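**Q** Just passing along the structure, written as structure tokens.
The values are calculated or read from the model by the stated rules, or taken from the named source; none is laboratory data. This is a predicted model, so every value here is computed, not measured. Cβ placement follows ideal geometry from the backbone for every residue including glycine, while neighbour counts extend to all protein chains displayed. Please note that ligands, DNA and RNA were not included when accessible areas were found on the heavy atoms of the full protein model with its side chains. Shrake-Rupley method; radii C 1.70, N 1.55, O 1.52, S 1.80 Å.
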Amino acid sequence: MNGNDFTFVLDGENIRFEPGQTIMEAASQAGAYIPHLCYHPEYRPRGSCKLCTVKINGHFGTACTLPVQPGMQVENDTDELNLMRRRVVQMLFIEGNHYCPFCEKSGNCQLQALAYHVGMQDSHFPHFFSLRQIDASHPEMLLDRDRCIQCELCVRASRETDKKSIFGLAGRSTSTNLVINSESGLLGDTDFSIHDFAAHICPTGALIPKREGYPIPIGERLYDHQDISAVGHLHPNAAQRGESK
Ligand code: SF4
Ligand code: FES
């Protein structure tokens, strides 16, 4: 096989890839945006949010988990897929309690930015108004489960980078919940620190530093002036620090 064989087709464009890469990795490397929430380049993919669903040779599959193969025909930015993604984002909104105008993460939130990207105008489904616990026990960090989309990024970051395993998911289906690995179940009773990697990986405002009141005004934040597709292959927190991921 010569070097020219390592190409696949994404929305009609020939894209080069390295053997072993997933569709998401190859697309990101080429600067092409595939919507995602639970994917992070530093962690093994979970394939749970389904936002990165693409069509591969006519069949649906998740771009973050599937290895790319030479000659694959991948559809990504199509009306059909974008409508499906809008429905997924709408389901995430009605399952939790997301009040963007009052959230410190507004403008830096990937869920909100994706809602704009997929043209979400309403919630489409009836709201669950789920009862979820807020954990304000930690001196530096707030855990607002109302905004948690159960992406498990904090779970993976705490386990794999911080070596603490502070977070986990428990329960099934709509009762799935983010739980804390301490006897009391409270974040304040762990050795979680604001300096942990896990403290800065949440794509929404679920895990957020306390006493940070809009240091950057709304209207001047990461996604206020650019669509998430323009920065989506960077992690927002890294992008804000000017790091490329
Ligand atoms: S707290 Fe944030 S990072 Fe952790 S699972 Fe919920 S949404 Fe994901
Ligand atoms: S980004 Fe692929 S399933 Fe979530």
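**Q** So, SER165, is that one in a loop (DSSP other than H, G, I, E, B) and touching an Asp or Glu at 6+ places or on another chain (Cβ under 6 Å) or not?
**A** For SER165, the condition - in a loop (DSSP other than H, G, I, E, B) and touching an Asp or Glu at 6+ places or on another chain (Cβ under 6 Å) - is not met.
**Q** May I ask you to verify whether ARG132 is open to solvent by 10 Å² or more (accessible area, probe 1.4 Å) and either assigned to a strand (DSSP E or B) or assigned by the TED database to the domain that holds GLU152 (or both)?
**A** Taking the combined requirement at face value, the residue satisfies it.
**Q** With open to solvent by 50 Å² or more (accessible area, probe 1.4 Å) and either in the same structural domain as GLU13 (by the TED database) or in contact (Cβ under 8 Å) with a residue 24 or more places away in the chain (or both) as the only criterion, which of LEU51, LEU66, LEU37 stands out?
**A** LEU66
**Q** Let me ask something else. For the range 202-219, check the following and say yes or no: at least one residue is within 16 Å of ligand 2 (Cβ to nearest atom), polar (S, T, N, Q) and either open to solvent by less than 30 Å² (accessible area, probe 1.4 Å) or more than 15 Å from the chain's Cα centre (by Cα) (or both).
**A** Within the range 202-219, one or more residues are within 16 Å of ligand 2 (Cβ to nearest atom), polar (S, T, N, Q) and either open to solvent by less than 30 Å² (accessible area, probe 1.4 Å) or more than 15 Å from the chain's Cα centre (by Cα) (or both).
**Q** Next up: Working carefully through the options SER158, SER165, SER193, SER184, find the one that is among the polar types (S, T, N, Q), surrounded by fewer than 17 Cβ atoms within 10 Å (Cβ to Cβ) and within 14 Å of ligand 1 (Cβ to nearest atom).
**A** It is SER165.
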